[in-house]
1. Within region 95-127, track down each residue that is part of a loop (DSSP other than H, G, I, E, B), farther than 21 Å from Ser25 by Cβ and not polar (S, T, N, Q).
2. Of Gly108, Gly95, Gly73, Gly119, which residue is over 25 Å from Gly4 (Cα atoms), at pLDDT below 95, among the small types (Gly, Ala, Ser) and not assigned by TED's automatic domain parsing to the domain that holds Gly4?
3. Since Arg75 meets every condition but one in (1) within 20 Å of Thr29 (Cα to Cα); (2) assigned to a loop (DSSP other than H, G, I, E, B), which condition does it not meet?
4. State the number of residues belonging to region 1-27 that are of a type outside the set (A, V, I, L, M, F, W, C), at pLDDT below 95 and exposed (fewer than 12 other Cβ atoms within 10 Å of the Cβ).
5. Just checking, does region 78-86 include any residue being of a type in the set (D, E, K, R) and assigned to a loop (DSSP other than H, G, I, E, B)?
6. For Pro60, state whether it is farther than 24 Å from Gly4 by Cα and modelled with pLDDT under 95.
7. Of all residues in region 67-107, count the ones that are surrounded by 10 or more Cβ atoms within 10 Å (Cβ to Cβ), among the aromatic types (Phe, Trp, Tyr) and over 16 Å from the mean Cα position of the chain (by Cα).
8. I need the full set of residues from region 28-66 which are exposed (fewer than 13 other Cβ atoms within 10 Å of the Cβ), among the charged types (D, E, K, R) and in a loop (DSSP other than H, G, I, E, B), in order please.
Amino acid sequence: MLKGVHHIAIICSDYQQSKKFYTESLGLTVVREVYRKERDSYKLDLALNDQYIIELFSFPNPPARPSRPEACGLRHLAFSVDDIESSIYTLNSKGITTEPIRVDEFTGRRFTFFADPDGLPIELYEA
C-alpha cells in the first residue's frame, strides 16, 4: 500500500531564518515558494538530491514545541551521510553546534544530533 515518504512538514517561527538554515546551511534546494495571503503563511517546498522531502511553513505565532525530543509526535528528522566527521565539520564551520558522536548499539553506526532554528532535533546518521 505505502510506497515511501512523500514529504515532512515543518512549521517554523522565523521563516527567513529557517529558509536560510535549510537551504544555505543544509544545502536543500527550493522547489517552490508560495505566499498564502489568506493564511498569512509561506509554504516552501524543499528537495534533497532532487527529491522533494520538506514542506516548510510559516504561520503567525505558532505554539512552541512541548519538549525536546521526548514529546509525543515527531521526535526528530534523520539524514544519512557518508562521512560523519566531514558533515560535522561542515555544520560547525557554519556556526551549527553538534552533539558528540554516538554509536548505535544495534547497528554499530555513528550518529550525532543538532537543532534547527526552532530547536527541532535533526540527526546525522552515517550510512
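1. Narrowing region 95-127 to residues part of a loop (DSSP other than H, G, I, E, B): 95-101, 104-109, 116-120, 127.
Applying the additional criterion that residues be farther than 21 Å from Ser25 by Cβ yields 104-109.
Result: Asp104, Glu105, Phe106, Gly108, Arg109.
2. Details: Gly108 fails: at pLDDT below 95; Gly95 fails: at pLDDT below 95; Gly73 fails: over 25 Å from Gly4 (Cα atoms).
Exactly one residue qualifies, and that residue is Gly119.
3. Among (1) within 20 Å of Thr29 (Cα to Cα); (2) assigned to a loop (DSSP other than H, G, I, E, B), the lone unmet condition for Arg75 is (1).
4. Residues in region 1-27 being of a type outside the set (A, V, I, L, M, F, W, C), at pLDDT below 95 and exposed (fewer than 12 other Cβ atoms within 10 Å of the Cβ): 3 in total.
5. Step one: list which residues in region 78-86 are of a type in the set (D, E, K, R), which gives 82-83, 85.
After this cut, where a residue has to be assigned to a loop (DSSP other than H, G, I, E, B) as well, the list is 82-83.
Within region 78-86, one or more residues are of a type in the set (D, E, K, R) and assigned to a loop (DSSP other than H, G, I, E, B).
6. Values: farther than 24 Å from Gly4 by Cα: yes; modelled with pLDDT under 95: yes.
Judged against the criteria, Pro60 is a match.
7. Final tally of qualifying residues: 1.
8. Once the filter is applied, which keeps residues that are exposed (fewer than 13 other Cβ atoms within 10 Å of the Cβ), among the charged types (D, E, K, R) and in a loop (DSSP other than H, G, I, E, B), region 28-66 yields Asp40, Asp50.
The values are calculated or read from the model by the stated rules, or taken from the named source; none is laboratory data. The structure presented is a predicted model; accordingly, all values stated were derived computationally and were not measured. With ideal geometry, Cβ positions are generated from the backbone for all residues, glycine too; neighbour counts draw on all protein chains shown.
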